[in-house]
Amino acid sequence: MKAMILAAGRGERMRPLTDHTPKPLLPVAGKPLIVWHIERLAAAGLRDIVINHAHLGAQIEEALGDGSQFGVRIAYSPEAEALETAGGIAQALPQLGEEAFLVLNGDVFCDLDIAAFAARGKQGVADGDLAYLALVDNPEHHPQGDFALKAGRIIAADAGKLTFSGLGVYGPRLFNGIERGSKAKLAPLLFAARDADRLGGEYFAGRWVDVGTPQRLAELDAALQSA
């Protein structure tokens, strides 16, 4: 299975840190956040990785190269202007292939068992789902949540919602209606898949951090340093 790291965001909430450094290269416990992701993917056996980028993307390519220093193979999907989540994935589909693939947000930190999650997601897509998501408890900055979960299915409900972690396994068919090079959000595609009962998922109770602000970056750094 191939994997994609989403790294094209401007990181507005991280300014001024991201004025001169792309968010994925911000250091956490001595190494760039994106390197934590790459090492976890490599340990899970996912060694073919696509990384999209826009803002200061040349720095990302310079820092990571072809991935050989991490034991992986990295391909890049540059975007002249950030295409948002679904648009960025659709743009990279030729590099991701025709099978299910794993995607993770470059600005989250999560110790989910990626290998086991990827295997469950791959099976779900093989069984007819369009995607398989990891959901977490709602953080303070997102108390309303995103999706409700029941017996491994993501369902429509007004209560009991959890937050989408930013980790998912997707079938290429989910992005069939998106023209390459166009901007597109992911949420409408996931809601449509949910309403068609083609969206699976699971709850993850371990460490998960949306590293979206300098404060949360500093808190994660401190936590990992102390560990």
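Looking at the chain, the DSSP beta bridges with both ends there are about 50 percent antiparallel. For the stretch 3-226, the Cβ-based charge dipole about the Cα centre amounts to some 160 debye (Lys, Arg positive; Asp, Glu negative; other atoms uncharged). Within the listed set Ser77, Ser68, Ser182, the residue fluctuating most in the Gaussian network model of the chain (springs between alpha-carbon atoms under 10 angstrom) is Ser68.
Along the charge dipole of the stretch 3-226, Cβ charges K/R +1 and D/E -1, which of Gln123, Gly206, Ala184 sits furthest on the positive end? Checking the options against the dipole of the stretch 3-226, the answer is Gln123.
So, in Å, what gap is there between the alpha-carbon centers of the stretch 175-227 and the stretch 89-119? Answer, in whole Å: 11. Shown is the FRET efficiency for Ala156 and Ser68, computed with R0 = 41 Å from the Cβ-Cβ distance and rounded to the nearest 0.05: 0.35.
Of the residues His55, His37, the one with the fewest other Cβ atoms within 10 Å heads the list, and the complete ranking is His55, His37.
One way to sum up the overall shape of the chain is the equivalent ellipsoid from its Cα gyration tensor, whose semi-axes run 25, 21, 17 Å, largest first.
Considering the chain as a Gaussian network with a 10 Å cut-off on Cα pairs, which listed residue, Gln95, Gln59, Gln69, attains the greatest mean-square fluctuation? Top of the fluctuation ranking is Gln69.
In the chain, the calculated helix contribution to ellipticity at 222 nm averages -9000 deg cm²/dmol per residue, counting -39,500 (n - 2.57) for every DSSP H run with n ≥ 4. The mean sequence distance of close C-alpha pairs (under 8 Å, at least 6 residues apart), as a share of the length of the chain, puts its relative contact order at 25 percent. With r defined as the distance between the Cβ atoms of Leu224 and Asp127 and R0 fixed at 30 Å, what FRET efficiency is calculated, to the nearest 0.05? Efficiency computed from Cβ-Cβ geometry: 0.25.
Pairs exceeding a 26 Å alpha-carbon distance, out of Lys23/Lys161; Lys2/Lys23; Lys122/Lys161; Lys2/Lys183; Lys23/Lys150; Lys161/Lys185: Lys23/Lys161; Lys23/Lys150.
Any read-out appearing in this document is the output of simple, stated calculations on the displayed coordinates, not a laboratory observation. In this text, all values refer to a predicted model and were calculated from it rather than measured experimentally. Note that each Cβ is placed from the backbone with ideal geometry, even for glycine, and that neighbours are counted across all protein chains shown.
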